[in-house]
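The values are calculated or read from the model by the stated rules, or taken from the named source; none is laboratory data. Just so we're clear, the structure is a prediction, and the values are computed from it rather than from any experiment. Because the Cβ atoms are built from the backbone with ideal geometry, glycine has one as well, and the counts that use them run over all protein chains shown.
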Amino acid sequence: MAAGEAGLNVGDVEGELGGTLARVLTVLRCSAAEPRLGGVLFFDLEPALLPLVGELLADLLADGARPRVVTLGSWAAPEDLWLRTGVTGEGFAVLPGALVERGGAPPPVVLVPDLGHAPLPVTQAAVTLLDADAAAAELFGHSMRWRPRARWLAAVGRAEAGRLSPHLLDRFPVRVDAASAHREVRAFRRRAPVRADDRTLLRTALAARPAPPFPGPPPALTAEAAREVVALMPSSASRRRDLALARTARALARVAGHARVGRAAVREAAALLGLPAPPPEERGGDTAERDPGTPPRNGRTPVPAGGLESTGVVEAAQGQRARSVAPGGAPVPLEPATVRPAGGDRGPYPEDDPEALPRFGSLRAPRASSVARAGAGPSRGHPVGVRPARDLRDVALIPTLLEAARFQRIRRARGRRSEGLLVNAADLRQYRRRPDSGRALVLVLDHSCHAGWDWAPALAPHLRWSYQHNASVSVVEFGHRDAADELTAERYRVDSLLHPRVLASLNRPPGMASPLAHALDLAVQELRRLQRNGRAALEHALLVVVTDGRGNVPLNASLGGRPPGRVGREGVTDALRVAAAVRTLPRAEPVVIAPVPDVHPELTAELAEALGGRLVAASRRAGAGERR
Amino acid sequence: MILPYSLLVGHRELRTALEIAYVNEAVGGVLATGQRGTAKTTTVRAFTMMTVGRLPVTLPIGATDDRVLGGWQIKKLMRGAAEPEDGLLVEAAKSPARMLYVDEINLLDDYLVNIILDVVSTGVLSVQREGRAEELHDVHFALVGTMNPDEGGLRPQLLDRFGLVADVLPEEDPEQRRRIVETVLRFEAERDDPGSEFMAEARARDAEKKAALDAARARLSAVRYGTGVIDACARVADAFELVGHRGDLVLGRAARALAAIEGAPLVDAGHVARVAKLVLVHRRGRGESGTLPPWTAEDDARVERTLPNAEG
């Protein structure tokens, strides 16, 4: 990168940077210096700035050849990412997709302008590739395996981050609050001594400090730095964050030209990532980084017994790294981490906030297209065969080629070409797929509360909906006298509401035990199964829970198959805890149908609230008794 | 380059499970369940790198049917030449590790799960699709999977196919966390340095471990069951109300592998007790949901109550 580009003075330019911009540039340096740093997530970054930031990172990574900058927007499809069809001089060719890396080329820079609305293939790719030792793509007769080195930069609105999958967010351990970056860029541009575009100005600012590739090995992490990492990062967090903090500290030490990574670098890294500052009394001196010019010693330092678990630092010869080795004494016990959680309103990890409500299944959504949902295409359900294609949707490639292969001799005799496969429109084959309505009814029936009231009127609209939409039906039932095991709920699936087994389930004699928590656990798993099942998109799942909310069997008693001792409220508490998972399921509509008046009407209200659904109260028959 | 196996910090349960499954293939596969960021995948990869010197055959998210079951070489097909290509299931069976690794196995499409289940259960892969009609026998491999239970459970039928289930807990102990940070950063700094003593020592320890496991594998058939141990396995299975006999068998096989690893000539009650959790944790539940009930002190006590008579 050319320092002093466009006649700018590097020192002057760097001094003009705002706090956010300076942080962004520092993070880019760290990302370039540390291949395994992980994804960088910018909160509230102006969308137009991400390409600029990506180009700057590509500048830093350029080592002879310039890295590819790949932008993955809402349009990205699997065929763009892993395997694409290209046009060559001689026809079509199948080529590696944008995320497949080739040896010898610099690592690509991958930009996700809106992680909150990134399509499934992109989020899956991020989970698969970021911080992975190895990657593989196995599609359509192609097998590609490589070592991922791409740097990922993504942006998301802070308010949306808590709704993303924690799995996905875990792959982006480096966070930067960039809400004011665009204002700072404007101000920076105004103050610049000469007219230049933003990229030129920022490249000049980047050049103010050393950038990769750095000569020699990276600085060694001191034992005190490792302790500081542990002290500053909450223990409840993923260990990936520990490593990201340590790697950021190492990158900062490297940029600063230090031979070792000490506490100060870790604290600087923690501040860069927006972690809460340590208590003031712990702000101690740190000499680790101040003596890079320590006189060299000859040779390599042998690793003593137990060196892999050791602490301490031995300085190395100039040009070699200092090495962590055992101090020879007893291990020093560490104080438990006392910092406050890193979630909260402005913290770097909003997913840690107890109020965060990540959507389940965001990494495993169905694949059917909206075209198919509208009924215009055949691509629903699993393939059950092929047929001649009526249009170009859902073409079955291999059957098409095989069909064409049958006629090659004839076509060659008639045709102009003697090489390659000659394919006609009549060869095109399309998948025949199993019909799937995309709708499901999950019916939870608590027979233990059935005495004295008729649930049919309240249930009827939901059963009608199921029939009209040809929904698949899953029934979870418990608390009846015919149950094989009264401690557990039972689940079964039928293709249609008209199956005789459903009618039998609506008319069972009530029993005593009420494993409501287990029934809800089965229902949650059933909803999850429906949402990840095959190509067919689940458009709507109706969860109807008929109960009085008085669960009297704890979940572990059901799972373990052992009668509980004293139960108390445990059965109810477990049910509410399990029910809360339904709130995170997309396209699921919960409804609780409960008898009124009842002894504890608050229980069904609590259940409906936990599920995030509606409560429908059904009157008891006059003179009907309470549940026995 | 993957972090050498000997440099892994913690994960004792998962490592024990992988080692047992390596020494005695008849135990079946291993499932690692745990939260994100607990290095489950790294552990599995490090283990196969140590034992066979290469990564396991991996079924990635989004793999297409033809790559799982087997299909045609598309490039050649487009040139008019039909040449079949093995799918990942056959590739796994032919691989040195004889292992199919599935990351996030609980997120896998039911359709693919059913295919895998069929092949793991029967050893037969029937391909009747897209112009291929063949039935391959002896397609045997260990299924090794990882999953985060927060994302949903695994179907009981599939759970039962895993010989052992290891619960991978996040390391929260500050000393262990410090060791992880130090070890990983040092590995990253020195892995490409041919003169690194740190890496040389790790490789030597890996080689030593592999030799020990291979020796255990070789002496497995010479390890005998102590008097009453087989009955004890059946009693433990009975105490946990296991359905079928797979649990009893795996309990005995896993205990035998552990005895071989420890160099013991006889399998005793202690070996059974030490593998009980790995074998039973996913088999004792009654629920269809796949939610695993936590292994408690009461479960340990039940194993102990059942086992004292094993010697007699």
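Go through (1) crowded, with 16+ Cβ neighbours inside 10 Å; (2) at pLDDT below 90 one by one and return the number of the condition residue A:44 breaks.
Here residue A:44 clears every test but (2).
Taking the stated definitions as given, is residue B:109 among the acidic types (Asp, Glu) and away from chain A (no Cβ under 11 Å)?
Spelling it out, it is not the case that residue B:109 is among the acidic types (Asp, Glu) and away from chain A (no Cβ under 11 Å).
Output the number of the condition that residue B:195 fails; it satisfies all remaining conditions of (1) more than 24 Å from the chain's Cα centre (by Cα); (2) surrounded by fewer than 19 Cβ atoms within 10 Å (Cβ to Cβ); (3) in contact (Cβ under 8 Å) with a residue 40 or more places away in the chain.
All conditions are met except number (3).
Residue B:165 passes all but one of (1) surrounded by fewer than 21 Cβ atoms within 10 Å (Cβ to Cβ); (2) touching a residue at least 60 places away in the same chain (Cβ under 8 Å); (3) more than 14 Å from chain A (Cβ to nearest Cβ); which number fails?
Evaluating residue B:165 over (1) surrounded by fewer than 21 Cβ atoms within 10 Å (Cβ to Cβ); (2) touching a residue at least 60 places away in the same chain (Cβ under 8 Å); (3) more than 14 Å from chain A (Cβ to nearest Cβ) leaves (1) as the failure.
Give just the number: which of (1) modelled with pLDDT of 95 or more; (2) farther than 18 Å from residue B:27 by Cβ does residue B:241 not satisfy?
Only one criterion is unmet by residue B:241, namely (1).
For segment A:154-234, list the helices (runs of 4 or more DSSP H) that sit wholly inside it and hold at least 3 residues that are more than 14 Å from every other protein chain (Cβ to nearest Cβ); which are they? Spell out how you get there, then give the answer.
Values: elements: A:158-161, A:166-170, A:181-191, A:198-206, A:223-232.
Helices (runs of 4 or more DSSP H) meeting the threshold: A:158-161, A:181-191, A:198-206.
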